[in-house]
1. What residue, of B:42, B:30, B:18, is in the same structural domain as residue B:96 (by TED's automatic domain parsing), more than 16 Å from ligand 2 (Cβ to nearest atom) and loosely packed, with under 11 Cβ neighbours inside 10 Å?
2. Scan the range A:136-148 and give yes if some residue there is surrounded by fewer than 18 Cβ atoms within 10 Å (Cβ to Cβ) and at pLDDT 95 or above, otherwise no.
3. Would you mind stating whether residue B:131 is more than 10 Å from chain A (Cβ to nearest Cβ) and either away from ligand 2 (no atom under 16 Å from the Cβ) or modelled with pLDDT of 95 or more (or both)?
4. Assuming residue B:65 fulfils every condition listed in (1) within 16 Å of ligand 3 (Cβ to nearest atom); (2) out of contact with any strand residue (DSSP E or B) (no Cβ under 6 Å at 6 or more places or on another chain) apart from one, which condition is it?
5. Among the listed residues B:153, B:118, B:168, identify the single one that is touching a residue at least 24 places away in the same chain (Cβ under 8 Å), within 14 Å of another protein chain (Cβ to nearest Cβ) and within 16 Å of ligand 2 (Cβ to nearest atom).
6. Please enumerate the residues belonging to the range B:72-94 that are in contact with a strand residue (DSSP E or B) (Cβ under 9 Å, 6 or more places away or on another chain), buried (at least 16 other Cβ atoms within 10 Å of the Cβ) and farther than 12 Å from residue B:39 by Cβ.
7. Given the criteria more than 30 Å from residue B:90 (Cβ to Cβ), touching a helix residue (DSSP H, G or I) at 6+ places or on another chain (Cβ under 9 Å) and within 10 Å of ligand 1 (Cβ to nearest atom), does residue A:81 qualify?
8. Which members of the range B:51-77 meet the condition of being within 16 Å of ligand 2 (Cβ to nearest atom) and either free of Cβ contacts under 8 Å to residues at least 60 places away in the same chain or over 15 Å from the mean Cα position of the chain (by Cα) (or both)?
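The values are calculated or read from the model by the stated rules, or taken from the named source; none is laboratory data. Note that the structure is predicted; figures quoted are calculated from it, not measured. Backbone-built Cβ (ideal geometry, glycine too); neighbour counts: all protein chains shown.
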Ligand code: HEM
Ligand code: SF4
Ligand code: SF4
Ligand code: FES
């Protein structure tokens, strides 16, 4: 065997991109949930990301750039993770049988990760490309319009389920994979991480579903004939 | 009070390929403190003397009696029937060469692994001086090494590893544990590059997907998750450091 650093780099990159994406999602869903406080709050968050409070005017392209960075990391992560998918039908059958007959939680969680990863490949790309191409269509009314009248709620609902489970199972796994913050008592540490994983999944699903419900409500009740955007001018 | 146990055993003898694999079902009376070792001997004595299975120590020391118990790799001599449902399914460990029924040849697989990983102390200068006193070892290091040396090569971690089922060249937790053991041992003079060449690849530590089946089935409760993580960190550091 020869000295080949490639596998080490790929493994580091897979974990690094995974952690980046997971942290991004944790922030993203909290910012989205600003709609739960008020339309005004969500509008302010939008302005913040458009650099309004820095430059005194709105630059929607900043959102495109941010979403572009996320897309690059997302694709990188997906491509590296792809080598973990069963390479052929025979292997797929083997792992499926093994997962089923073994009935072992963490092995099953891995198959959840593969399935949700596969789903996100399509759903996430749709969402990200949309944000890159039309970054100026974000706001309490505009976003709600997309959710209800362009049927994006279907995409968002499925994306939410897959991204939240995938991200927190992924974080759980990545901590154990490298032994990040491991204590002298790895077995207790793993139990703790497992509980944290469950807690975060429930919390973020709740947060995401509540936000989605609010956007849907606005989209269904707001009169888009009269005004499509939330405010013409900022205070 | 004593339950009647129904034990389903996946039976197949490679020497009699004309008889296709089938499930044989046996009913026996449970006894107090009964292990699967006792139960299987009951079956062989009273039901079918042709049933093949392995036991040597019947005390969880030799690692011969590993099999799938309700799908989970376990040592039969250490498994109490009272901890299980009254309907028990037994099958031979996958991956290993089947001798017949529940008996598999873990020995040749483990031997192949040990030869491939050269799981012995590498120390050129002192190799031949068997009469010389060994240098004293730091007790904490000795404890760590001893802890990992408790592996009995039962193969449960191999059968519980999804990665290994998909990639037959993967060294498995048993192999990674051995490398961690020698890497911790100051008497082994292999340098980081040599270790990297052994397990710094897809068939070694970077192939492990952290499914943790190994950790949860290890007969000796070895800290496999923690040691694989340790090895992964060591290997990643080596790759980041080395220039060539
Ligand atoms: C196209 C989309 C995606 C695909 C196909 C995908 C696929 C995968 C797969 C198969 C794994 C397991 C890899 C292994 O076992 O070694 C994984 C790990 C992971 N994923 Fe994703 N993923 C995607 C998107 C995401 C997103 C959006 C996030 C975060 C929100 C994320 C976070 C993680 C984390 C933290 C890990 C653990 C990293 C590791 O084990 O090294 N992934 N991903
Ligand atoms: S943690 Fe690694 S070695 Fe252990 S079962 Fe999972 S893939 Fe196999
Ligand atoms: S590491 Fe544990 S499960 Fe694996 S062979 Fe050794 S004792 Fe058995
Ligand atoms: S017979 Fe030796 S470990 Fe079970």
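1. None of the others qualify; the one that does is B:18.
2. No: zero hits.
3. yes
4. Unmet condition: (2).
5. Of B:153, B:118, B:168, the one residue that is touching a residue at least 24 places away in the same chain (Cβ under 8 Å), within 14 Å of another protein chain (Cβ to nearest Cβ) and within 16 Å of ligand 2 (Cβ to nearest atom) is B:168.
6. Once the filter is applied, which keeps residues that are in contact with a strand residue (DSSP E or B) (Cβ under 9 Å, 6 or more places away or on another chain), buried (at least 16 other Cβ atoms within 10 Å of the Cβ) and farther than 12 Å from residue B:39 by Cβ, the range B:72-94 yields B:73, B:74, B:75, B:78, B:89, B:91, B:92, B:93, B:94.
7. yes
8. B:71
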